[in-house]
Every structure is written in structure tokens, then in C-alpha cells.
Amino acid sequence: MSELVAKPIGANIPPEISDRLERLELLYTLSLDIFGARNIDELLTVVMSRVTKAMKADRSTLFIVDQERRVIWSKVAQGTEPFTVPMGRGISGYVAQTGETLNIPDAYQDERFNPEVDRRTGYKTNSILCMPVKDREGVVIAVIQAINKLDGIFSEQDEDFLRALSAQIQLAIENSTLYQDLKSLFESMMEAMASTIDARHPTTAGHTMRVRAYSLAIAAEMGYSEEDLEILNYAALLHDYGKIGVRESILTKPGRLTDEEYSEMKQHVVYTMDILNKIRFAPRFREIPDIAGHHHERVDGRGYPDGLTGDQMHPLSRVMAVADVFDALTSVRDYRSPLDPNEVLEMMKKDIGTHFDEDCMLALERYFMRTNLGDQIRERNRIEIEERLKNDPNAPKLIETF
């Protein structure tokens, strides 16, 4: 048995058998990839590259059907720029409209063939194998097209292989659509939860979305992965959700809080963690309560609620700690004018090593300089202050000093 395993695949095997083994391996690999894939674009690009090789074709295209607009568009187009085709036009449009499979040995002898792409690109299409991808209800959702068999014309075996592959691609597309729908639902729920805090605490409306934007910008500057940015996105959206448990009289107080009131306000991060720990997050999101609940910690251990040091804090909490303070100091408040963004940046840099993590602060500075963030904030505050004064001529005079 070990001797058989040690032999390379294809050794002493007739070419036609070797081709079938290669195709079976592709189908098996694809079935595994589908269940683990979160990026459908990358998956389908790789799949179509393998299809071209396994089919011994010159190139392949995967079209997605848009039933509402009555067009198909190239999701993966090898050898050409992305393009759209009206339903019913050309070979691929015909297949999308009728749901039939077409195996054409000579494209220019078929009246359904549209030579427009060949004329535009200088390419010469000879043989075509074009097949629909149908959902569980039999509706065509995609079209696979292989062009120019390298050693003749496409065979019945090629059709069988592409038919088996179309079932896998159908599953990949439907799984991806379901994943994107669930992701959109999840994110909209997170945003709805965050908006309830703005509704209860109108004086800081917009703070959550700005902290999210600043946090993601800082993390991106630091080179965090897409997976980490997704986690941070949700943690930032929910970082103040515990304020839902703070008394209304404290949450909406127009002036500064007393020491006793401030102590109660600080409990919001504890409430945040308690509430979020009750949510059954997917495994990759299970650190969200910890990240969201510790954005008021300091790297010197003098923050709250747990007095964590920088090494003990989650790295993404260190990012959010910078974003949260930066927005708080540069935004309009009822009890004070916003500070100048450039001055805030310099002031916060002086707290590197005590309040803030150095790498996070320097990342904020790079983002600030590169995007002219200071000018954007000043303009936003100018508009908000003018709006407040217009709606309430008796608004606190302190904002007039801005």
C-alpha cells in the first residue's frame, strides 16, 4: 500500500485516465473550498483558472445572471476586461435565457454567435462549450463558458465534467449570497443597536460612527488584516452600548458630571461587556465584548474598569482607546467647545506610554496628516455649531468661541 501511495499521480496511467483523476481532484478540492470560503471572488477566480486547465481550453468565463436588468455580467473573465451581455444575445446570453447547454464546434457557423467581442479584441473564437448554472428552483443564476479546446472540440466527457462543476459553483454562489445576506443583517443589527445610544444621548450623536471610522483607519495604517478590521468594526459600533443602562438624568445632563455621576457613567463599559457576553457571537467574533469593554483602559494601568496595562489590553482595544479620546476632544459638547484637532493630536502624543499606545498614536498621526483630517473636523464642527445656534439662539455661549 505504501508503495502505491508513494508513486506520483499520473505515473504509468493513460492520459485519459489521468485527465479524469485531475478533474475528480478539482471537484473534490472545490467542494472543500466552498464550505470554508468567505471571499467568493477569490474562490471563483481560482476555480475558473483550474477549469480552463482541466478542460484544456484557451480561456473560460463565468457570467452572473441579473434577472432584473435582463443582462449577464462577467464575474470572472479570462483574457478580457469585464463586460455585460443582454439576455438572449450571443451564445452565453442564449444559454442564460433558455437554460440549454450548447456545445459548438465552430462558432462562426452558428447564427447565435455574436462576433462583436472578437472584432473588438482581435481574438478568434472557434469552439465553445457553454452551460447554465441553475439554483434549486431551476432558475439560471450563472453561465459557464469554455472557449477554444486546445486539442480539437469539446467532448461529451467535457460536458459531464462541466455539469458536475456547475453544481458546485451553484452551491458556492448560493452560499456566498446567503453569507452576504446574513452579514448585512448582522451589521445592520449592530448599527441599529448603536443608534439607540445616539437616540438616548443626542449630545454625542455621531460619536459611535466616528469612533468606528477612526478605529478602522488607525488599524489599517498599522497593517491589521481584513479579519481583524471586521472584528474591530463591530466592537467599535458597540463600544458604548452599555450606556443603555445609565440613568437618563446622567446621560443627558447638559453640563459637567459630578464625581458621583462620573463614577456611575464609568459603569457603562461594564454594562457593555455584560450585555455583549450574552450574545452568541461566531467563534471569530468572541473577543468583541473584551475589545469593546476595555476602550477606557490606559497603557499605564490607570484606566477602567479593570486597570489593565498596555500588555494586558487587547491590541484592538488600544486602537479604540486612541480613537475614542480623539473624537471626544475634537467634537462639540454642550459643556465645552471642541478643541482644535491639531492641538489635540499634539496633546495626545504627550500621553504616549501613559495613556496611549505609541504605535496606535503614530498611526493616527499618519492618517491625520495624509487625509487632512484636521480641516475636515473643523468644517464639520463649524456646520454643527451654526446649526445649533440657528435652532437655539440661547445655546451655550461657549460654542460661540469656536
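In region 365-401, what count of residues is obtained for those that are assigned to a helix (DSSP H, G or I) and modelled with pLDDT under 75?
The total comes to 5.
When the residues of region 244-255 are filtered to those that are β-branched (Val, Ile, Thr) and surrounded by fewer than 21 Cβ atoms within 10 Å (Cβ to Cβ), which remaining residue is nearest to the chain's Cα centre (by Cα)?
Checking each candidate, the answer is Ile244.
Quick one: which of Asn126, Asn103, Asn114 is of a type in the set (S, T, N, Q), surrounded by fewer than 20 Cβ atoms within 10 Å (Cβ to Cβ) and under 18 Å from Arg70 (Cα atoms)?
Criteria check complete, one pass: Asn114.
Can you list residue pairs whose Cβ atoms sit under 9 Å apart, with the first residue in region 287-314 being free of Cβ contacts under 8 Å to residues at least 40 places away in the same chain and the second being part of a strand (DSSP E or B)? Count only pairs 6 or more apart in sequence or on different chains.
Partner pairs satisfying both residue conditions: Glu297/Thr309; Gly301/Thr309; Thr309/Asp300.
Which of the residues spanning region 238-291 are of a type in the set (Val, Ile, Thr) and within 17 Å of Arg333 (Cβ to Cβ)?
Selection gives Val246, Ile250, Thr252, Thr258.
Which pairs do you get when a residue that is charged (D, E, K, R), found in region 333-351, comes within reach of a residue that is buried (at least 17 other Cβ atoms within 10 Å of the Cβ) and in a helix (DSSP H, G or I), reach meaning Cβ atoms under 6 angstrom, with the pair 6+ apart or on two chains?
So the pair list comes out as Lys349/Met361.
Select from region 321-354 the residues that are among the β-branched types (Val, Ile, Thr) and within 29 Å of Asp311 (Cα to Cα) and list them in ascending order.
Val322, Val325, Thr330, Val344, Ile352, Thr354
Kindly establish whether Thr98 is more than 25 Å from Leu43 (Cβ to Cβ) and out of contact with any helix residue (DSSP H, G or I) (no Cβ under 9 Å at 6 or more places or on another chain).
Judged against the criteria, Thr98 is a match.
Just the residues that are among the small types (Gly, Ala, Ser) and at pLDDT below 90, please, taken from region 112-151.
Listed by number, the residues that qualify are Gly122, Gly138.
If I filter region 278-308 down to residues being within 17 Å of Phe186 (Cα to Cα) and in a loop (DSSP other than H, G, I, E, B), which single residue comes out as modelled with the lowest pLDDT?
Ala282
May I ask you to list the residues in region 235-258 that are of a type outside the set (A, V, I, L, M) and within 25 Å of Ser317 (Cα to Cα)?
His239, Asp240, Tyr241, Gly242, Lys243, Gly245
Would you be able to say whether some residue in region 234-243 is small (Gly, Ala, Ser), under 22 Å from Asp351 (Cα atoms), surrounded by 15 or more Cβ atoms within 10 Å (Cβ to Cβ) and touching a Gly at 6+ places or on another chain (Cβ under 8 Å)?
Within region 234-243, not a single residue is small (Gly, Ala, Ser), under 22 Å from Asp351 (Cα atoms), surrounded by 15 or more Cβ atoms within 10 Å (Cβ to Cβ) and touching a Gly at 6+ places or on another chain (Cβ under 8 Å).
Within region 352-377, track down each residue that is aliphatic (A, V, I, L, M) and touching a residue at least 12 places away in the same chain (Cβ under 8 Å).
Those that are aliphatic (A, V, I, L, M) and touching a residue at least 12 places away in the same chain (Cβ under 8 Å): Met361, Ala363, Leu364, Leu373, Ile377.
The values are calculated or read from the model by the stated rules, or taken from the named source; none is laboratory data. These numbers were taken from a predicted model, which means no experiment stands behind them. With ideal geometry, Cβ positions are generated from the backbone for all residues, glycine too; neighbour counts draw on all protein chains shown.
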